[in-house]
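What follows is a single structure, written as structure tokens, with notes after it.
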Amino acid sequence: MRLESPSTKAGLVLCSLFLGSTVLSSNAAAEKILSKDGDWTLWSEGRAGGFVSYVRGDGYPNDAFGDWINPATGQSGSGKLHDVVGGGLPDVREQGVDANGRPTQGTLEGVRVRSGMIGN
């Protein structure tokens, strides 16, 4: 039997690789012994995962204060313009007070380490 075309040769090589990898492969063994001490054995059947999260930025925005004018009546005044609602993180560091006695925005910074088991 003569193999003249490159596609026939490539098909034969791929078929040989596939058969070789399936016949010669062994079963997967996910159980790993992590530690042994006397009668106690610590082992795992999955993967252990660790995640580190770091956040740094501006704190939760403050309500806006300032001067206002009602265009319909021409009445003016000063005070709170609007509330900031929804979202944000409540953990604010370095929050101070401005000249008018209102809290400043502050900053936020934190690290969180999480771990867990990842199933196979």
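Taking 0.36 nm per intervening residue step and subtracting the Cα-Cα distance, what contour gain separates residue 80 from residue 43 on full extension?
Extending this stretch completely gives an extra 7.3 nm.
For each of 54, 60, count neighbouring Cβ atoms within 10 Å of the residue's Cβ, then give the residues from fewest to most.
Ascending Cβ contact count within 10 Å gives the list 54, 60.
Listed highest first by mean packing, meaning other Cβ atoms within 10 Å per residue, what order do 68-78, 96-106 come in?
Going from most to least packed, we get 96-106, 68-78.
Just so you know, all these numbers are worked out from the coordinates, no wet-lab data involved. What you see is a predicted model, and the numbers here were worked out from it, not measured in a lab. Cβ sites come from the backbone with ideal geometry, for glycine too, and all protein chains shown count toward neighbours.
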